[in-house]
1. Report, by chain and number, residues whose modeled amide H sits under 5 Å from the one on N237, excluding near sequence neighbours (fewer than 5 apart, same chain).
2. Check Y179: other-chain or 5+ apart residues with amide H under 5 Å from its amide H, H built from backbone geometry?
3. Counting only other residues whose beta carbon sits under 14 Å from that of V220, what net charge do I get with K and R as +1, D and E as -1?
4. Could you work out how much longer the chain between D148 and D178 gets when fully extended? Use 0.36 nm per residue separation minus the Cα distance between them, nm to one decimal.
5. So for region 99-194, what are the equivalent ellipsoid semi-axes in whole Å, largest first, each being the square root of 5 times an eigenvalue of the Cα gyration tensor?
6. Using unit Cβ charges (K, R positive; D, E negative) and no other charged atoms, how large, in debye to the nearest 20, is the dipole of region 66-144 about its Cα centre?
7. Lysine pairs in region 35-148 8 or more apart or on different chains: how many have alpha carbons under 28 angstrom apart?
8. Among I123, G93, L140, flag the residue with its Cα farthest along the positive direction of the charge dipole of region 81-163, charges on Cβ as +1 for Lys/Arg and -1 for Asp/Glu.
Amino acid sequence: MTIKGTLPKPQFSAEKAVSLPNVTVSASEPILIKFHNSSPVKPIHHSVDNACVLFFDIVNFTALNGKYDDAKVLDCLKNPLFAQFEILIKEHGVEKVKEIGDGCMIIATSNDNNAASLCCRIIDLAFAMQQEVNALQQKLIADKTFGDYSLTARIGISFGPCEKIITPGGIGGVGKTDYMGSNVNFASRMESSCKPGNIHVSQSVFSAVEKFYFFESAQVDIKGIGPITAYHVKGPNPLADEQRLSFKAEVAQKRRMSTELDAAEKEELKRTLSLPNF
């Protein structure tokens with residue numbers, strides 16, 4: 001049976017509106033919500049007892065940008081390099097906090113007294129990152145992508161407490177996580193005082209992993225602090241390889257367990273809800 005006819009259109013008046021303390025909904029518009037006197041979202045602070053912080057920076061990247069097209073620099077240098085970094089970050093069980101122009105900040109945290117594990121994973125990551133830089137440099141030279149430009153990078157690392165800052169994203173927004181504190185600032189200073197191609201660490205990192213690597217000490221003048229002893233990491237100590245590599249193995253095992261657990265939970269959810277494959 002077919003019913004022909006026209007349904008009456010609802011009549012809205014521009015004068016009709018619903019007002020609440022913080023919200024106004026106008027009936028004359030499809031959806032119109034206005035917020036009054038809404039307070040800004042306050043960040044959430046968490047104290048982190050143990051944090052190993054890494055700062056990475058490409059040397060002379062700004063000069064390269066001034067000489068070549070930005071898109072070419074991104075496509076041939078930064079994007080492929082940072083794509084490899086994402087893989088390494090997962091392998092070492094650490095977190096990329098943010099990208100800062102041609103650099104980035106990476107962190108490994110724990111509230112357990114596990115300084116050696118955190119610092120070893122970050123230092124091993126730093127060596128892997130420098131290897132990726134060197135590999136890309138060889139390709140750029142072979143292809144003569146940027147003439148005689150030599151791709152090098154500085155890495156600085158520090159260990160200690162810091163504050164984790166979580167800024168909620170609001171309704172439908174994406175939140176942001178950052179870390180602050182003197183330990184974070186010190187890691188940045190380690191990077192800026194580092195020679196190109198090297199890995200510079202603080203006294204706190206050296207104390208945590210002295211037996212796992214070979215170091216070379218140096219006196220450096222840190223802005224706002226003065227002269228201090230810092231350490232250039234020359235390479236891993238083979239006599240401590242087994243224990244050092246066990247830290248990364250533990251991370252890999254936890255990641256496998258987490259993946260297996262996620263898959264099991266997904267299957268259980270499908271069975272419970274009688275859902276098709278998804």
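The numbers here are math on the coordinates, done by the rules we state, and not lab data. If you're wondering where the values come from, they're calculated on a predicted model, not measured in any experiment. Please note: Cβ atoms are built from the backbone with ideal geometry, for glycine as well, and neighbour counts cover all protein chains shown.
1. Y213, F214
2. I165
3. With Lys, Arg at +1 and Asp, Glu at -1, the neighbours total +1.
4. Working: separation 30, 0.36 × 30 = 10.80 nm, distance 3.67 nm.
Length gained, D148 through D178: 7.1 nm.
5. 30, 19, 12
6. The calculated dipole for region 66-144 is roughly 160 debye.
7. 20
8. Among I123, G93, L140, the one farthest towards the positive end of the dipole of region 81-163 is L140.
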